[in-house]
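K.L.:
Pasting a structure below so you can have a look.
Just so you know, all these numbers are worked out from the coordinates, no wet-lab data involved. All figures in this text were calculated on a predicted structure; none of them were measured in a lab. When we count neighbours, we look across all protein chains shown, and the Cβ atoms used for this are built from the backbone with ideal geometry, even at glycine.
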Amino acid sequence: MNVGGWFGLSVYQKNSYYDQPVLKFYRKLFSLLKPLFSFIPAIVYSYMAITFIRPILQRFNFMKSKISKCFPFVDLPDKNWSILDTFDSITPTYASTHDRSEVFEWLSAAGFQDIKPTKWGKTSFLVRKP
């Protein structure tokens, strides 16, 4: 029986925060530390970045681009989401970035219909499978 339904997809966008060289460095670093320390270093980093670095940069916004090139973090209105998204950005073993047309082509080729962008970014879609 082939049953259809709705499907949501969101992938890292090419040339975005998730595609930065410094972020790739941190992913490799935390990946190397994981066998010895599990996710503890990445958790500590995420909390420290959001608790200490983010407030300083919010106050001195002119330093944000320079500091974030060394200490990446996700700056969201909610502190807990910032910690979570920072952790998620520095810990994946495999992470790739894509552009909008590439993702759209995947979905079309897979037979999805009603392909609609979402508010979550240029590489996020809501689709229907008949």
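K.L.:
Past 22 Å, Cα to Cα, is the threshold; run 24/119; 14/119; 28/119; 28/122; 79/119 against it and keep the listed order.
P.N.:
With Cα atoms farther than 22 Å apart: 24/119; 28/119; 28/122.
K.L.:
Could you work out how far apart the two model spin labels at residue 9 and residue 44 are, taking each label as a point 7 Å from the Cα in the direction of the beta carbon, and quote it in nm?
P.N.:
3.9 nm
K.L.:
Quick one: 3J(HN,Hα) in Hz for segment 71-82, Karplus 6.51/-1.76/1.60 with θ = phi - 60°, rounded, Gly and Pro as x.
P.N.:
10, x, 7, 9, 9, 10, x, 8, 4, 5, 5, 4
K.L.:
What ³J(HN,Hα) values, in whole Hz, does the Karplus curve 6.51 cos²θ - 1.76 cosθ + 1.60 give for segment 27-38 when θ = phi - 60°, with x put for Gly and Pro?
P.N.:
4, 5, 4, 5, 5, 5, 7, 4, x, 8, 10, 6
K.L.:
Mind checking the full-extension length gain between residue 70 and residue 113? Use 0.36 nm per residue of separation minus the Cα-Cα distance, one decimal, nm.
P.N.:
Gain on extension, residue 70 to residue 113, equals 11.3 nm.
K.L.:
Ok, one more. Starting from 0.36 nm per residue, how many nanometres of slack lie between residue 52 and residue 34 once their C-alpha separation is accounted for?
P.N.:
The span from residue 52 to residue 34 would gain 4.1 nm if fully extended.
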